[in-house]
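The values are calculated or read from the model by the stated rules, or taken from the named source; none is laboratory data. Values in this document were obtained by computation on a predicted structure and should not be read as measured data. As a convention, Cβ positions derive from the backbone with ideal geometry for all residues, glycine included, and neighbour counts pool all protein chains shown. With ligands, DNA and RNA removed, areas are computed over all heavy atoms of the protein, side chains included. Shrake-Rupley method; radii C 1.70, N 1.55, O 1.52, S 1.80 Å.
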Number of protein chains: 2
Amino acid sequence: MAKQKTQNNQVSQQASEPLDGVRLELVEVAGQAAHVLGFPRSVGEIYGLLYLAPNPVSAPDICDALSASKGSVSQGVRQLVALGFVNTARVHGNRRIHYEAVLEVGAVLRQGYEQTIQKRTIVAEEKMKGLHQSLMVQKSQLGPDDYLLIKDRLQGLTKVQKRIKKLMPLITALLK
Amino acid sequence: MAKQKTQNNQVSQQASEPLDGVRLELVEVAGQAAHVLGFPRSVGEIYGLLYLAPNPVSAPDICDALSASKGSVSQGVRQLVALGFVNTARVHGNRRIHYEAVLEVGAVLRQGYEQTIQKRTIVAEEKMKGLHQSLMVQKSQLGPDDYLLIKDRLQGLTKVQKRIKKLMPLITALLK
DNA sequence: CATTCTGTTCAAATTATTTTGAACAAAAAA
DNA sequence: TTTTTTGTTCAAAATAATTTGAACAGAATG
């Protein structure tokens, strides 16, 4: 097999042809989706590539296919593995690590969603606690009307926050 | 009442004192929350300010309180009004428009969430349609295995997408 | 009606985020 | 063992998003 130098200045074992139309389109779409969900585009693109790959892909081949830098891919796969979107895999006759997409997108998304919500719930609780405390500390320096107004409105926020916290388990259950 | 020049180089009717601790803290928290939800910080800060304001606030006073520029506030309130987080209000003896926070945060959030999901569902449907079409167009140029692989995996995505679409109404119902 | 204030828009400046690529260490290949 | 390839990290470059401020037009005020 003829080896060839790639853009990344690396020799690729399997002279990876450029991506065909559908694959390119999914890479694009996955990049957009990632962006909407608050991840870097490149992370989505890597997942898009792996999702339609017939075999696990090595990091250098990912670089090549997406014309992305080593650094980007290194960080990207790390995130994807951490999030559970990608698994590492060993490939016959090759001791390097390869990557493959976890195909159960729905399940992974749900799990990520659940984690995100949990984290945010905790943060929200802390912030609310902080606000109520600040109010207490400041009580003496506020006019009585002002104090009551702030107290009421903060309680309104706390109510919403508790409501969401209570409903989330139900929702994630529904998603299963 | 002594008028005074503000940072914004405007004369403020009501010599607005600097924000007290709790208010400042909510401005900060609301800014962070906005950022998490994908809005500019400044938009959240404006809402935070209005949420604890005893009376409707004019745009120049918002500028002043947040030391933000006119342009920022102009765009910010526009977004907030569009999203339903803020209402315009007339104030006694003053024909300028003032702004007040809609206090039902939960309801507004839910509505925004619902809209976002709806939009995204539509976009997702279109993209999936596009992908399936591209696949058809390309069918003849793909190996049969390759074709089948791509078809199957795209169908997997479509399934997830349809599942989410079907569940969303349930979830938003739950949130009411 | 003249003057001051307010609100909008948008190009330019600022700020935040992402990507690159160089330096390095460690693994594979020769 | 020597050479090549791979993978990580992180400062710097590139890009994306937000904010500012100037220019303008339309209200309010006296």
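Summary table below
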item: Equivalent ellipsoid dimensions for the range B:106-175 as semi-axes, Å, which come from the Cα gyration tensor, largest first; result: 34, 12, 6
item: Alpha-carbon centroid distance for the pair the range A:141-175 / the range A:46-62, whole angstrom; result: 45 Å
item: Estimated 222 nm signal from helices in chain A, with DSSP H stretches of n ≥ 4 weighted -39500 (n - 2.57), rounded to 500; result: -22500 deg cm²/dmol
item: Restraint check, A:K166/B:K129; A:K119/A:K176; A:K162/B:K165; A:K166/B:K166; A:K159/B:K127, Cα-Cα greater than 29 Å; result: A:K166/B:K129; A:K159/B:K127
item: Mean accessible surface per residue for the range B:4-103, computed with a 1.4 Å probe while every protein chain stays in place, in Å²; result: 56 Å²
item: Within the range A:4-103: Cβ-based charge dipole about Cα centre, in debye rounded to nearest 20 (Lys, Arg +1; Asp, Glu -1); result: 440 debye
item: Computed label-point distance, nm, for sites B:T172 and A:R110 using a 7 Å Cα→Cβ extension; result: 2.1 nm
item: Solvent-accessible area lost in complex, 40 Å² minimum, residues of the range A:38-56 relative to chain alone, 1.4 Å; result: A:Y51, A:L52
item: Karplus-derived 3J(HN,Hα), 6.51/-1.76/1.60, for each residue of the range B:50-66, Hz, glycine and proline x; result: 5, 5, 10, 7, x, 9, x, 10, 7, 4, x, 5, 5, 3, 5, 5, 9
item: Linear extension gain, A:Q32 paired with A:T88, 0.36 nm per residue minus alpha-carbon span; result: 17.8 nm
item: Fraction of accessible area attributable to carbon and sulfur, the range B:4-103 (%, probe 1.4 Å); result: 51 percent
item: Efficiency of FRET from Cβ geometry, A:S140 and B:E125, R₀ 45 Å, rounded to 0.05; result: 0.20
item: Chains A and B, summed buried accessible surface - 1.4 Å probe, Å², nearest 100; result: 3600 Å²
item: Shielding by partners - mean other protein chain Cβ count within 10 Å, residues of B:149-160; result: 4
item: Cβ-Cβ FRET estimate between B:K151 and A:Q155, R0 fixed at 45 Å, reported to 0.05; result: 0.25
item: Dipole of the range A:4-103 [Lys/Arg +1, Asp/Glu -1 at C-beta], most positive-end residue of A:A34, A:L49, A:Q79; result: A:Q79
item: For the range A:59-176, average projected area of the Cα convex hull in nm²; result: 11.6 nm²
item: Helix axis angle, A:105-138 relative to chain A longest principal axis, alpha carbon, degrees; result: 30 degrees
item: Amide H contacts of A:Y99 (H built 1.01 Å from N, under 5 Å, at least 5 apart or other chain); result: A:V57, A:S58, A:A89
item: For chain A, built as a Gaussian network whose Cα springs stay under 10 Å, the top-fluctuating residue of A:V57, A:V108, A:V22; result: A:V22
item: P(r), alpha carbons of the protein assembly as shown - 10 Å bins starting at zero, rounded %; result: 5, 20, 24, 19, 15, 11, 5, 1, 0
item: Degrees, to the nearest 10: B:21-36 long Cα axis against longest axis of chain B; result: 20 degrees
item: Carbon + sulfur, % of accessible area of the range A:106-175 - ligands and nucleic acids excluded, 1.4 Å; result: 59 percent
item: Debye-sum result for the range B:4-103 in log10 I(q)/I(0), which assumes one identical scatterer on each alpha carbon, at q = 0.17 Å⁻¹; result: -0.70
